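A short write-up of the structure that comes next.
The values are calculated or read from the model by the stated rules, or taken from the named source; none is laboratory data. Given the structure is predicted, the values throughout are model-derived calculations rather than measurements. All Cβ positions, glycine included, derive from the backbone under ideal geometry; neighbour counts span all protein chains shown.
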Amino acid sequence: MREIADFRIAERHARSFLDPEDGQVLGPLGGDTRKLVLETHDIRYAKVGRIHREFRKQGRFFVLGWSLRRTYTKKELEAAELFQLCVRAAFEPSGDECGTEYDDSAGCPRCCFGARQLNELRLDPGSLPRGKDIARTIAYSEIIVSSRLVEALRAQGLTGARFHPVLRKSGRGAIEDWYQLEVTSRPVGVAPVTRFGIDPFDPDEQGEYRCPRGHVAGLSVLSELSVVREDWDGSDLCATKQWVGYRSRNGGAFRPYPLLLVSQKLRRLLGGLKAKGFELEIAPLT
Ligand SMILES: [Zn+2]
C-alpha cells in the first residue's frame, strides 16, 4: 500500500517554510497556492505536520486543503475482502435545498444521527455530474447511483442495497438516469485501530467533532478504514455503524454520514463496467 497526501498551502507561507522545488505553484498569477504531493513516509510530510501544528497554536493554518489517498498492488486488491467506497464525484445543491424533507426530531439532538428522510430524494437535474455512476451531494452526502449500474447490480443479485427513484426538484417526474442508494445490510462497526480527526495532523483530542453518544467518530477518517469482521453480514454493500462529518449549528447545511463498504464481488463488477465517480481503498477486517 502507498499512502499519498495532497496538500494545498498558501504560496506566501510555502515560500517561507518549504524549498522552491517542493511541489508546484498553482494560481492565475503564478503565485497563489502551492500543491504538494508526498508519500506519508517522506520526511517532508512530518515537516509539514510540524509547521502546521505551530501555525494552529497561533490560530492560523499552514495546510489549507488536504486529501489522503491509498493505492495498492493488484495482488493486494485481489486478496482483500472489503473495500471502502470513497465517493469522489460530488455536487450541489443537496436534496434538502430541492424539497427533500428530513425529520430531525427522530435523530440525536447533538449530531442528528438517526434522522429520517420523509420523501423521495429531490434534486436539480442540471446539477448532476455527467459520465459518473456513483455521486454524492456535498452537504448531506445523499448517494445517487446511475441507472446502468443499478440494472447491473440487480441482474447480478448483489445484496445490501435498495434503490429509490430520484425526483426533479419541482417534484414533477423522476430523473430517469439516477436512483438514490439506501443501504439495507447490517451496519458494520469501525475497528478501534481506525484513526479519525480534523486533519492528518490533528486527531481532535478535545472531541469537538465526536458525538458523546458515539454516533459520529470524527470529522474525517484519517487512516485506512478497518472494520469489525463479526459485524459483516456478508452483504456486497454496507455502511459503517459510526458516521463522520458534522452537523452545522446554524441550520442544517451539513450533516454527518456513514462510510460505505463494498465486497470483492462488487469491486469486480464495478471494474468490469468501468464505473466512475469513486475510488476504492482496502478496508481491513479485524
Ligand atoms: Zn449523536
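Consider only pairs whose beta carbons are under 9 Å apart and that are at least six residues apart or on different chains; among these, list those whose first residue lies in the stretch 198-225 and is within 12 Å of the ligand (Cβ to nearest atom) and of a type in the set (Lys, Arg) and whose second residue is outside any loop (DSSP other than H, G, I, E, B) and at pLDDT 95 or above.
210/196; 210/216; 210/217; 210/218
(1) out of contact with any helix residue (DSSP H, G or I) (no Cβ under 9 Å at 6 or more places or on another chain); (2) assigned to a strand (DSSP E or B); (3) of a type in the set (D, E, K, R); (4) farther than 22 Å from residue 203 by Cβ: which one isn't true of residue 8, the others all being true?
Single failed check for residue 8: (4).
Filter the stretch 112-121 for residues that are within 16 Å of the ligand (Cβ to nearest atom) and in a loop (DSSP other than H, G, I, E, B) and give the result. Even if it seems obvious, please write down each step before you answer.
Of all residues in the stretch 112-121, those within 16 Å of the ligand (Cβ to nearest atom) come to 112-116.
112, 113, 114, 115, listed by residue number.
Given the options 259, 285, 273, name the one that is under 26 Å from residue 127 (Cα atoms), surrounded by fewer than 19 Cβ atoms within 10 Å (Cβ to Cβ), in contact (Cβ under 8 Å) with a residue 60 or more places away in the chain and not aromatic (Phe, Trp, Tyr). I'd like the intermediate steps shown before the answer.
Details: 259 fails: surrounded by fewer than 19 Cβ atoms within 10 Å (Cβ to Cβ); 285 fails: under 26 Å from residue 127 (Cα atoms).
Answer to the check: 273.
Limited to the stretch 74-111, what total is found for residues that are surrounded by fewer than 17 Cβ atoms within 10 Å (Cβ to Cβ) and either of a type in the set (Ser, Thr, Tyr) or within 16 Å of the ligand (Cβ to nearest atom) (or both)?
Matching residues across the stretch 74-111 total 6.
Tell me whether the stretch 52-60 contains one or more residues that are in a loop (DSSP other than H, G, I, E, B), away from the ligand (no atom under 16 Å from the Cβ) and touching a helix residue (DSSP H, G or I) at 6+ places or on another chain (Cβ under 8 Å).
In the first step, residues of the stretch 52-60 are kept if they are in a loop (DSSP other than H, G, I, E, B); the result is 58-60.
So of that shortlist, the ones also away from the ligand (no atom under 16 Å from the Cβ) come out as 58-60.
Right, trim to touching a helix residue (DSSP H, G or I) at 6+ places or on another chain (Cβ under 8 Å) and you get none.
Looking for residues that are in a loop (DSSP other than H, G, I, E, B), away from the ligand (no atom under 16 Å from the Cβ) and touching a helix residue (DSSP H, G or I) at 6+ places or on another chain (Cβ under 8 Å), one finds none in the stretch 52-60, hence no.
In the stretch 72-105, how many are under 28 Å from residue 191 (Cβ atoms) and part of a helix (DSSP H, G or I)?
Initial filter on the stretch 72-105 (under 28 Å from residue 191 (Cβ atoms)): 72-90.
Narrowing the set further to residues that are part of a helix (DSSP H, G or I) leaves 74-79.
Counting residues in the stretch 72-105 that are under 28 Å from residue 191 (Cβ atoms) and part of a helix (DSSP H, G or I) gives 6.
Please determine whether any residue of the stretch 12-34 is among the aliphatic types (A, V, I, L, M) and in a strand (DSSP E or B). Give the derivation first.
Taking the stretch 12-34 and keeping what is among the aliphatic types (A, V, I, L, M), we get 14, 18, 25-26, 29.
Retained after the next criterion (residues that are in a strand (DSSP E or B)): 25-26.
Yes.
Please go through the stretch 176-233 and give me each residue that is touching a Pro at 6+ places or on another chain (Cβ under 6 Å) and within 19 Å of residue 248 (Cβ to Cβ), ordered by number.
197, 216
How about the stretch 38-70: which of its residues are closer than 26 Å to residue 225 by Cα and of a type in the set (Val, Ile, Thr)?
Step one: of the stretch 38-70, the residues closer than 26 Å to residue 225 by Cα are 38-50, 52-53, 63-70.
Those that are closer than 26 Å to residue 225 by Cα and of a type in the set (Val, Ile, Thr): 40, 43, 48, 63.
Does residue 171 qualify as being at positive phi, without any contact (Cβ under 8 Å) to a residue 40 or more places away in the chain and out of contact with any Cys (no Cβ under 7 Å at 6 or more places or on another chain)? Break it down stepwise before answering.
Details: at positive phi: yes; without any contact (Cβ under 8 Å) to a residue 40 or more places away in the chain: no; out of contact with any Cys (no Cβ under 7 Å at 6 or more places or on another chain): yes.
For residue 171, the condition - at positive phi, without any contact (Cβ under 8 Å) to a residue 40 or more places away in the chain and out of contact with any Cys (no Cβ under 7 Å at 6 or more places or on another chain) - is not met.
Please go through (1) surrounded by 20 or more Cβ atoms within 10 Å (Cβ to Cβ); (2) modelled with pLDDT of 95 or more for residue 247 and return the number of the only condition it doesn't satisfy.
For residue 247, the exception is condition (2).
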